[in-house]
Structure formats: C-alpha cells, structure tokens
Protein chains: 4
Amino acid sequence: MKKIGVLTSGGDAPGMNAAVRAVVRKAIFHGMEVAGIYHGYQGLINGNIENLDVGDVGDIIQRGGTMLHSARCLEFKTEEGQRKAISQLKEHGIEGLVVIGGDGSYRGALALSKLGFPSVGVPGTIDNDIPGTDYTIGFDTALNTIIESIDKIRDTATSHERSFIIEVMGRDAGDLALWAGLAGGAETILIPEVPSDIDGLVRRLEQGYERGKKHSIIIVAEGVMSAGELATLLKEKADIETRVSVLGHIQRGGSPTGRDRVLASQLGAKAVEVLMEDRGGVAIGIRNHQVVDYELSEAFNKAHKAELSMYTLSQELSI
Amino acid sequence: MKKIGVLTSGGDAPGMNAAVRAVVRKAIFHGMEVAGIYHGYQGLINGNIENLDVGDVGDIIQRGGTMLHSARCLEFKTEEGQRKAISQLKEHGIEGLVVIGGDGSYRGALALSKLGFPSVGVPGTIDNDIPGTDYTIGFDTALNTIIESIDKIRDTATSHERSFIIEVMGRDAGDLALWAGLAGGAETILIPEVPSDIDGLVRRLEQGYERGKKHSIIIVAEGVMSAGELATLLKEKADIETRVSVLGHIQRGGSPTGRDRVLASQLGAKAVEVLMEDRGGVAIGIRNHQVVDYELSEAFNKAHKAELSMYTLSQELSI
Amino acid sequence: MKKIGVLTSGGDAPGMNAAVRAVVRKAIFHGMEVAGIYHGYQGLINGNIENLDVGDVGDIIQRGGTMLHSARCLEFKTEEGQRKAISQLKEHGIEGLVVIGGDGSYRGALALSKLGFPSVGVPGTIDNDIPGTDYTIGFDTALNTIIESIDKIRDTATSHERSFIIEVMGRDAGDLALWAGLAGGAETILIPEVPSDIDGLVRRLEQGYERGKKHSIIIVAEGVMSAGELATLLKEKADIETRVSVLGHIQRGGSPTGRDRVLASQLGAKAVEVLMEDRGGVAIGIRNHQVVDYELSEAFNKAHKAELSMYTLSQELSI
Amino acid sequence: MKKIGVLTSGGDAPGMNAAVRAVVRKAIFHGMEVAGIYHGYQGLINGNIENLDVGDVGDIIQRGGTMLHSARCLEFKTEEGQRKAISQLKEHGIEGLVVIGGDGSYRGALALSKLGFPSVGVPGTIDNDIPGTDYTIGFDTALNTIIESIDKIRDTATSHERSFIIEVMGRDAGDLALWAGLAGGAETILIPEVPSDIDGLVRRLEQGYERGKKHSIIIVAEGVMSAGELATLLKEKADIETRVSVLGHIQRGGSPTGRDRVLASQLGAKAVEVLMEDRGGVAIGIRNHQVVDYELSEAFNKAHKAELSMYTLSQELSI
C-alpha cells in the first residue's frame, strides 16, 4: 500500500492520540503516506480528510481526547453510507484504513472490509470490554482517574464517618468498577457480571458497622443500577444512610498513563504492519504481553469476561 | 494559658490537618500543652479528648480530610450543650479553644466565648465564603480539583464537539464557580451573586455556534440551580443539547495545595498567639497577605462579596 | 491602537499561554488586531510574526510552556537591535507591545518604550522575584510541583529514616524555597535572603535526632549553594549523612494551577487596557488582589523582599 | 500456620503498603494472626515486632513508602544473624514469613527457608528487574512519575527548542527507561541491555536537526552512564548542546497507581496462600496475568530480559 487512512470513532479515550501518532509515524517510517480522517465515519463520508505528516502528530502523545475528533454516524450503518465512504477513500488514494474505537467502530471496519476495503480495528475505549484483547487503550487511565476520585472521597468518608456509593462507567463490563474497587480499597463492588445481592450487601454493611467499621465505600458500575437507586434501596431496606457520587464524564479525559501510551503505540504500529501485508478485517489486541491480530468478528462473537478472582479477593481484603 | 484544645467542625476541607499541625506545634513551641478534640462539638460534649504531641501531627501536613474527624451536633446549639462542653474543657484542664471550620463552627466558637470560654475561629471550608478573610483554607485545593476536572471534560467536549454543564459547589458563594470558570476557560459562569439571565445565556451560546464555536463549557454553582435543571432549560428554550457533570464530593478531598498548606500554617499559628494573649471571640483571617484577627461576629454580619471583575473578565476572554 | 503584538521571553513559566490568550482575546474583544511574535526578541528582530485570531489561542489556557516559544537574544541588547525590532513592528502595523517574561524581558520592554515604542511588561517567571507585584505568573505552579516532589521524597525519607537535601530554583530570590519548605513541612530552609548558619543547622539537626527525630528534610535555594555542597559540609562538619535531590527542570513545566491561570488572565488583560490608553513603559502587577500598573524602572530599582515571617514560622512548626 | 510475619526490605516502592495490607487481611480472613516486623531484617533481629490487626492496615492502600519501614542489615547476611532472626520469629510465635522487597531481600528469604523457616518473597521494587515475574510492585507508579516529569520538561524543551537528557533509575535493568522513553515520546533511549552507540546517537540527532527537528529528549538509564557524562560526550564529539535532568529520588515515592495497588493486593494475598500450605522458599509473581509462585532461586539464576521490540518501536516512532 502507498497510502493509508486513520480515524477515531465512538467515545473518546485517553491514548487515542498516542495511537494516531503511532499509525502515522510507523507508516511514514515504512515509506507510506497517511491521511487523517476527521470526525469519524461521518467525516469519512463527507470527505473530511487531510494528509498528516510526522510533525502533525508531534507533541500529542500526552494529550487526552482525539485530535481527529469523533462523531456518531447513522448514515454509515447503511450500505449506501459505507459505499460513499469507500468512494471517498479511493478518491483520496487511500488503500487501507485504521479505525481506533470500540464496539460500534469495529462493526464499521468489518463492513468496509466485507465490501473489499481492508480495514483494521484498534481497541480504543475506557471500558476494557472488547473480546480478544487483554486491555483496551484508555482503560488504565480511566482506572487511575477513578481511584484518585475514590482517594479524595475517602478523605471525607473518613473525616465524617459516612458511607459513600460511587458510580463508575461500565454498562456491560464491570472491569473499571472491579479494578478501581480493589485498588481503592472499596468494601463492596457491584458489577454487571455478578448478580446483585442487595440483602447480602446489607448484611455485610451491618456486620461491618457492628465490628466497628465507621464508613464504607461502595463502587457500582452504571450497568447494574445508578448510585441513587442503590442509595434508596439501602435506605428503604435497612435504614442505611449513604452519600452518592457519580463520577461521570471526568472518567474519559486526561493525559494518558504510561501503560496506555505504550499500548497505544504498540497497537497502532501493529495495525500498520497488518495493512502493509494487504490484510483487512482484523482487530489488533494484546494477549499475554504479545501484540496479536485476529478476526474482527471474534470481537463480537466472544463474550468479555471479568476477572472474578479479583472480585473474591476484594471481598477478602475489605473485611 | 497552659493548655489549649483544637477541633475541626463542619464539612472537611483540605488543609485542616495542616492547621491542626500548626496549632499543636506552635503551642508546644511556646510551652503549652495541646488537647485534640475528636468529632467536633459532639466529641467535645462527649469528652472525646486526647493530648497531642509534636509527633502526633507529623506526616499529616499533606493529607486531605481531618485527623480529628468532624461531625454534626444538634445538642451543641443549645446552651445546655455548650455548658456541657465547657465542663469537659475545664475537666481536661483546657483554657482556650481553636475551632477550625466554617460558618456554623464559628457560631459555636462565639457561643463558647460569650459563656466565658475563650475560643478562636480558623476558616476551614472550601467555599471561601467567610467574611473578613480573603481566603479560607481548602479553597485553593478545591479550585484546582475543579479545574483538573474541567480539563478532563474539555478533552471530551473538544473531541465530540459537545457542550457541557459542570455543576460545582457553592450554595451561597460563587467563588469556586467564578475562579474555576475563569481558570478553566469556561464560556459561561452562573453564580448566586449575579442574577441568572437564561435568555442572555441562550443568545451567547447561539452566537458562539454561529461564529463557528463547536463546544461550550458552562459552570454553574449549585446555589443557582442544578446542572440538570439548566440542561432542561436550554433544551426547552432553544433546543440546545448539553451533557451534564456534577462534580460532587470529589471537590472536598485530596492533598492540599501549597497555598492551602501555607495559609493553614499561618492561620493556625496565629490562633495560638491570640489565645496566648488570653483573647477569645475572634476569628483569624488573611487580608492583603497579612494575618489578622477580628471579631467573630463580623464573620456573620458582613456579607461575602464575589470579585465581579473576574466575572466580566471571563466573559471578555470567552468570546 | 489598532494592532498590538505579544511575545514571551526568558525562561518559560506555566501560565504564559494563559497570558497570551488573555492578551489576544481582550484585544480582539475591544476591536483590535493582535500579532504573535515567535521566539522572543530574536524572532521580533527576524520578523517571525503572525496574526493571531480567537481560535489560535483556544485550548491553550491549560498548557505549560509557551506557544510563542522563547529564546535568548544578544543582538537585542544593542540599540541597533532594538531599532531593527521597531522597524519590524512598524512594518507589521503593530503599535504597542506586550512582553511576558522576567527581569531581562522587562529591560527590553523599557528600551523599546524609551525609543518611543509603547511596551508593557507582564511578569512571567516561576521565581516570584519581580519587585512591584505580589506574585509572578508561574510561581504557584512551580510551588506545587516542588511540594509534590517533597511529598514523594518524604515517603522514602520516612520509610528509610534518612535525611534529604532538596535543591530548588531561586538564584536571588528564596520565595520558592520558603513557600515550598513551609508547605512541605521541611525541617530547615536555606534562602539567599538569610545568611546561612551551617553551625546552627548542624545544631538543629543534632537536637532533632536527640529528641527522636528519625529523618529531616532540608530545602536549599540554588542561590545559597548546591545540595551537593551542603551535603559535603554536613558530612565534614558533623558526620551527618544526607541524600541529595536536585529538582531541576521539572520545576518550570506542567499545566498551570488555578491561581496562575487566573493571575495570567488578569494581568494579560490589563496589559491590553494600558496599551489602549496609549501608555507604555509600564509593568503590570497584582498588589493586595488589585491589578495595578507601575513604572517599568521600579521593577529594577526596588529589591524583592522575602516574607521572613514565613521563615520564622517554619522554624517554629518544624520542632 | 497460626501466625505469620511480614516485613519490607530494600529500597521502598509504591504499593508496598498495599501488599502489607493484603498480607494482613488475607491472613486474618483465614483465621491467622499477623505480626508486623519493622525496619526490615535489622528490626527482625532486634525483635522490633508488633501484632497487626485489620484496622492497623486501614487507609494505607493509597500511601507511598512503607509503614513497616525498611533498613539495610549487614548482620543478616551472616548465618549468625539469620539464626538470631529465627529465634525472634519463634519467640513471637511466628511460623512463616512474607518478605516484600527486591533482589537482596529475596536472598534473605531464601537463607531463612534453607534454615528451615518457611519464607516467601513478594517483588517490591520500582526497577522491574526480578526474573520470574512480568512486573514488580512499584514499577507502574515509577513509570508514571517519570513520564509526568518528561511531560513537564518537554514544555521547556519545546518552548526553548533545546534538547534534554533525562537520567532515570535502573542500574542493571532498562525497563523504566524503555517504557518511559516510549511513553514519553523520547527521541533516544539508552539502556544497559543494549550497547551504547554514541556515534549512532550523534548521527540520529544531527539528522533530526537537519530534518527540522527543534528539540530532542534523550532518556538514559543510570546504569549506562550519568546524564552529565552523556552531555559532555555529545558536546565533545559533535558540539551538541543539551540540558541535563537527573530525576533521582522522586521516582521512588508517591501514591501507587491502580495497577500497582491491584498487583500488590494479588501478590500479597498469594503469599499468604503459599504459607497456608506450609511452603517456603518460593517467590510470588505474575505471569501472563496469572498469579504464580516459583523457586526463589530462579529469581537469581535467570537473567531479566528487556522487551527489545519496544526499543525498536521507539526508534521507528521518533523519526
């Protein structure tokens, strides 16, 4: 290939810029040209495309968000939209595409590949919910943002001897809640992968208070229920008073951690290698510290699994 | 005086520990003993009191929250409660009291002083809403916590070209919203000290979009309205889509900034000096970089004023 | 004036970008044009000048360093160089100049003003060493960077019960050392404004160890002596073992704090107001929370004073 | 076993406290008692031992350093010292020992095990240089501390268009330099595992300057040479000017990252499980996300390997 394109799609994640930088520089290092496609698939359809040089991705490895912007695009879900996209790509002399994003972004890459345009998916999402890769780009940064928040809330929880419910992101995947809960020393973690046992939670809290525990921190993934709903349940069932904190959008931003920058660099570079072999329809991932590529379809068919040994461990350590 | 007591009361604020450290060490430096009173006025009534030595306040200058804990106390609002408190103080040989906290805590200190027990107020609250002092302990840290959150949310706002409403603390005082809004480059700031002009806000936003602005950040102090209410208003009035983020409890915690540690050290030490002169019923503050003391009653009678030149400036700079 | 220029000069300081943003937007708000001059006075002589629009200073308020770059320039110290600069300014239709920097940058602004070109100085330096303003832009951020480093080193000092000497910036001014030392809970602070008493320091350290102190943190401003020299002195004089840490260049960088962003916004905007009145030869500063302007020459003739009450306080609190 | 002991030894590392917490709580959860041994092996010989309860390790998961302190101990390198240690352990009813530390600490644990006292090693060191485990506790935090410093220095490097040499820890292992260099976008990384090619480095730098590169960041592991030596070499060989920054002791401290807290929790808990099976002489590690245990001797006999694919990648991405 002589020229490839790169876009970011879906919710932004810290490290997306580091991945874009890796794609651009790796490709240029190997003698190819690179086009940046702005505003995701919508921008692709609209021809919002500009060449990127080495210097255009200088001084971005440390920045949150995505310099290529991201956007939703209903039109791209239709085959008509996809064909428009391919026309644009061809018009710009682009022969392969790197898509950095989550689940929905991958479906788009697969559609393009099936229509004959080689496209590769790089996992960029804070949720860590893409099957086939041990970690996604952005997860480690979001984890650290959450535990910094837990640390701050713990100051107040300890000072006032109050219990707090902290709601974190994760509609279907509990990884952020699980890791942050274990790392934050939370007494209880509620994740979508484990059926919620509110009676058991009440019992644990009451036993804690009996043993002299003065405050508790409960982490709940948004996919289980909202922090507000849980607070109401605890109040109604057992007259347990809690304060509520919904971390919300701060979880997505910020300068990426070392891990996320390294991962983004590795996966972005690998995506270019795959395209250099004229292959498409594949996802890039990391498994046991090895950078791998695998069928994009696997990223949909397999289910993401939470590390339940961490769940058990967090319960043992929060006695 | 041979022995003084110190307590923290009201919402915790970063720097309270630095202030406790200053009180303890300054007093010991001048040959006095110091008793730590745990759990605020409630702990005082209950006799939850222990002597503090130099080492007991080592390694705490950098910690958020308060090692003395804080608590609400209805009983202390009665004269009976206050007399119980004085009995406890006398029983422990304590001759003067330093109270670190906000508005409500000051009322308690004044009540004790009126009953003949010399008490001094040190302003510990993130809200910066205590008349008579330019800054309160904790304000600077909370300000920086908020702007770090704004910076993170801006990553997403820029990437997705979406507008965000960020709700910050401040029931009666808009200082946090005003400073954070100016420092965070917010397009609009809503504070209790300035009547909200929603039509004007809509006009500003629409003009911005017309000029090509792709996203806006709006800061609203909780005392004006909730971020959710504002989002609904903007949607209903002008079909403007916004995302909402309520920063909540993370604003209270965290390691204090340099300014807050220095301020806490200065004000805590000054409180001891005042007690060494057998004076009570006074509040400690900083005015034009000078540490001052003044009648506690002034902290209630005067109104806190927001720096409205900053409000005007933020509008000029967010064109 | 219809068009003004802005440049940064001397060592970079966090908040310089926020000041540039304020200058640009304030001027545009009042109907003027603004030219950015790149690479300081050298760039000015070379005509490295480009117009700046509102969007050019978007998303920079939170960035360290200076987007206008900075550089040394020997040529500008000559009148010939200064006249070249004025030619360039006139060629670009620029009628007034805002110079953001320290001591040396101010001398340049004064020279231009004396040659008839109205120039205004805005204090951008981490050292806080410019007479006539209570604070300089960058000082607060550097202070917080230093205390974060002290906090980290304290972890090791406490764990290993070792004493550390930490060298911080400040050739002539001890403000960073003084504030950071007090805020970091340092046992001893050495600043240029107070004659060093090494024998007294040895005595203090030995008394501390006798009282059971297990470790000490000593802050030394580079203007006093290097950390290495002090370590050698302590070893030779009293066989006291210390570890040494030179913070160096990390003190200059990083995202500016809330205070620095607000200060930069206020001072940058004020500089524009002064130029709008066709005045030059003045410096902008903050005194007792009021933005002021004063003769540039005052910034040289007066001496910077350290707040020695903080020095005394730090000794009382580090018993 | 009914009672186990835990100590930290060697250089402190962020996450040691989280590991201590895990050991204590896991053991208590399974009905055992736990003794904390203060000041490493020296404290063990001296009988500096106290029982730890659940609450004693509350609120420490987020703290840097080690609450058990650490110290050097020559005496423990002798069999006599080791026998004294075993006497102390027996006297306190302790039947198994968890040692958290690096290389030297492991040798001690092996010695005790050989003398019949079951001891387990948990890898706590920022250097990531223990064979048999993919990561050591503290590495991730130190990595992030270093890249925050690089980000700050980059602000100055960019503003002034100067090149910087940053010296990081790593006497025998280049992992910190390698990861931080890749994550920090460094142009050049020098690690002990790759022979230094100064001529090649000079060529790379000169080519960069020719291509228009204005500044470079060079990371050097202390085991290769000091930053000062490298600066002198570059100056002498090719008249290349650089600034030097030695990060030093700040790399050891600070609140542990999410990864380090999770890893510390997992490895600390596993150490208890191993002792519950009456096994000693083993090291705990993580391999491909699985917690494992293996012969302590393997941690000496095998050599640590750096991930050289990262080295190659960093060169490709820093064109």
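What follows is calculated from the coordinates using simple rules that are stated; it is not laboratory data. Given the structure is predicted, the values throughout are model-derived calculations rather than measurements. FYI the Cβ positions are ideal-geometry reconstructions off the backbone, even for glycines, and counts take in every protein chain you see.
Observations on the structure shown:
- Averaging the Cα positions of each part gives two centres, and for the stretch A:47-120 and the stretch C:99-155 these lie 45 Å apart.
- Estimated vicinal HN-Hα couplings, Hz - the stretch B:303-317 in sequence order (Karplus 6.51, -1.76, 1.60; Gly, Pro = x): 9, 5, 10, 7, 7, 6, 5, 5, 4, 4, 4, 4, 6, 5, 7
- Number of partner chain Cβ atoms within 10 Å, mean per residue of D:157-170: 4
- Largest mean-square fluctuation among C:Asp293, C:Asp199, C:Asp172, in a Gaussian network model of chain C whose springs join Cα atoms under 10 Å apart, belongs to C:Asp199.
- Cα shape, the stretch B:1-109, gyration tensor, a/c 1.5 rule: oblate
- Packing order of peptides D:126-134, A:205-213, highest average first: D:126-134, A:205-213 (average count of other Cβ atoms within 10 Å over each peptide's residues).
- Measuring nothing but how far apart in sequence close Cα pairs (under 8 Å, 6+ apart) lie, relative to its length, the stretch C:32-139 scores a relative contact order of 19 percent.
- Springs between Cα atoms under 10 Å define the GNM used for chain B, and in it the highest mean-square fluctuation of B:Leu89, B:Leu112, B:Leu308 occurs at B:Leu308.
- Cα-centre dipole for chain D with unit charges at Cβ (Lys and Arg positive, Asp and Glu negative), debye to 20: 400 debye
- Under the combined filter of DSSP loop state and at most 12 neighbouring Cβ atoms within 10 Å, the stretch B:147-204 retains these trypsin sites (Lys or Arg not before Pro): B:Arg171.
- Near the amide H of C:Leu190, within less than 5 Å, lie the amide hydrogens of C:Ile219, C:Val220, C:Ala221, all on another chain or at least 5 residues away, with H placed in the peptide plane.
- Cβ-based charge dipole, the stretch C:141-253, positive-most Cα from C:His160, C:Ile218, C:Gln251: C:His160
- 30 Å Cα-Cα threshold exceeded, pairs from B:Lys214/C:Lys270; C:Lys214/D:Lys2; A:Lys2/B:Lys213: C:Lys214/D:Lys2; A:Lys2/B:Lys213
- Estimated distance in nm for a label pair at B:His289 and A:Leu308, the labels positioned 7 Å out from Cα along Cα-to-Cβ: 6.4 nm
- Against chain B, whose longest principal axis is taken from its Cα atoms, helix B:16-29 shows a tilt of about 30°.
- For the protein assembly as shown, the equivalent ellipsoid built from the Cα gyration tensor has semi-axes of 43, 40, 33 Å, listed from largest to smallest.
- Among residues other than B:Lys235 with Cβ under 13 Å from its Cβ, the summed charge is -2 (Lys and Arg +1, Asp and Glu -1).
- Note, ³J(HN,Hα) from phi for the stretch A:155-160, Karplus 6.51, -1.76, 1.60, rounded to Hz, x at Gly and Pro: 4, 6, 4, 5, 4, 9
- Three-way shape call for the stretch B:3-48 based on the alpha-carbon gyration tensor, with the a/c threshold at 1.5: oblate
- Computed on the stretch C:101-199, with alpha-carbon pairs under 8 angstrom and 6+ residues apart, the relative contact order is 19 percent.
- Projected label distance in nm at D:Glu241 and D:Lys90, using a 7 Å step from Cα toward the beta-carbon: 6.9 nm
- Nonlocal amide H pairs with B:Leu97, under 5 Å, H built at 1.01 Å: B:Gly5, B:Ser119, B:Val120
- In a simple Cβ point-charge model (Lys, Arg +1; Asp, Glu -1; nothing else charged), the stretch B:141-253 has a dipole of about 260 debye relative to its Cα centre.
- In chain B, Cα pairs under 8 Å separated by at least six residues give a relative contact order of 24 percent.
- Charge sum, other residues only, whose C-beta stays under 9 Å from C:Glu273's C-beta, Lys/Arg counted +1 and Asp/Glu -1: 0
- Distant-in-sequence amide H partners of A:Val246 (H built 1.01 Å from N, under 5 Å): A:Glu167
- Under 17 Å from B:Lys90, Cα to Cα: aspartates and glutamates that are on another chain or at least 8 residues apart: B:Glu33, B:Glu50, B:Glu79, B:Glu80, B:Asp278
- Remark: the stretch C:227-234, residue by residue, has Karplus-estimated 3J(HN,Hα) of 4, x, 4, 5, 4, 5, 4, 5 Hz, where x stands for each Gly or Pro and the curve is 6.51 cos²θ - 1.76 cosθ + 1.60 at θ = phi - 60°.
- Gap separating the Cα centres of the stretch C:266-284 and the stretch C:169-217, nearest whole Å: 40 Å
- Here the Kirkwood formula puts the hydrodynamic radius of the stretch A:81-158 at 14.7 Å, using every distinct Cα pair.
- Judged by the gyration tensor of its Cα atoms, with axes a ≥ b ≥ c, the stretch A:141-253 is oblate; a/c meets the 1.5 cut and b/c is at least as large as a/b.
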